[in-house]
Amino acid sequence: MARWDRMAELHPALETLLLVIMANLAPWVLARLLRGRWAAPLDGGLVLADGERLLGAHKTWRGAIAGSAACAAVAATLGYGWRLGALFGLLALTGDALSSCVKRRLRRRPGTEVPGLDQLPEVLLPCVVLARPLGLSLGAIAAVAAAFYVLNVAATGIRQS
């Protein structure tokens, strides 16, 4: 691939990385600001036959709304439109909830990090579903996923220290 073609792919990839970061960061920030307020769990407290919650207490409606709204605002600013941004945020948080569900089935404690499982579903689901409107190639999706993985692991280390 020519250098110019790679540069043309860089712009949508960076914008997509920003959307993924916003979907991930907005719920965390709002949880810190509001503490326990408006923290209704997405799973409604549902406990499955294995004795574990479906998703866990950390997955809330507050977070889903915050992540989707943040992505809607950023996407509108970037020229993608708020609807695409809201869908991106919803897909990212769905991927995050799916990984949480898998972690509960593996009997991992809430908040326990599982490298890959904690980063990839929330970046790959929206990127794959919205690749065309975001202008992402397979290589760009891989680059966004790799960059988000590294940034998320680094941020998790900072938050836990």
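Each reported figure results from applying straightforward, stated rules to the coordinates on display, with no laboratory input. All of these numbers come straight from a predicted model, not from anything done at the bench. A quick note on method: Cβ atoms are made from the backbone with ideal geometry, for glycine too, and the neighbour counts reach across all protein chains shown.
Using a Förster distance of 22 angstrom, determine the FRET efficiency expected from the C-beta separation of Val129 and Leu25, and round it to 0.05.
0.60
Okay, helix-only estimate at 222 nm for the chain: each DSSP H run of n ≥ 4 adds -39500 (n - 2.57), divide by all residues, round to 500 deg cm²/dmol; what do you get? Walk me through the numbers on the way to the answer.
Details: 6 runs with 111 residues, N = 161.
Helix contribution divided over all residues of the chain: -23500 deg cm²/dmol.
Could you compute the net charge surrounding Pro133? Neighbours are other residues with a C-beta less than 12 Å from the C-beta of Pro133; K and R count +1, D and E count -1. Spell out each step's value before the answer.
On the way: positive: Arg83, Arg132; negative: Glu15.
Charge balance near Pro133 sits at +1.
Report the gain in length on full extension from Ala154 to Leu98: 0.36 nm times residue separation, minus Cα-Cα distance, nm rounded to one decimal. Walk me through the numbers before you get to the answer.
Details: separation 56, 0.36 × 56 = 20.16 nm, distance 2.20 nm.
Result: 18.0 nm gained on full extension.
Given Cα pairs under 8 Å that are at least 6 residues apart, what percent is the relative contact order of the chain?
Working: 208 pairs, mean separation 39.9, N = 161.
Result for the chain is 25 percent.
Could you grab the Rg to Rh ratio for region 17-160? Cα atoms only, Kirkwood for Rh. Intermediate values should be presented prior to the final figure.
Details: Rg = 14.9 Å, Rh = 15.4 Å.
The Rg/Rh ratio comes out at 0.97.
Please report the spacing between the Cα centers of region 96-161 and region 6-81 in Å, no decimals.
Going from one Cα centre to the other spans 12 Å.
Anything in the chain that counts as a DSSP H helix reaching 18 Å or more along its axis (C-alpha) with Kyte-Doolittle mean of at least 1.0? List them, would you? Don't skip to the end; give the middle numbers.
Details: long enough: 3-34 (46 Å, 0.73); 61-78 (25 Å, 1.21); 82-105 (34 Å, 0.52); 138-160 (33 Å, 1.40).
Taking the DSSP H segments of the chain (at least 18 Å long, mean hydropathy at least 1.0), we get 61-78, 138-160.
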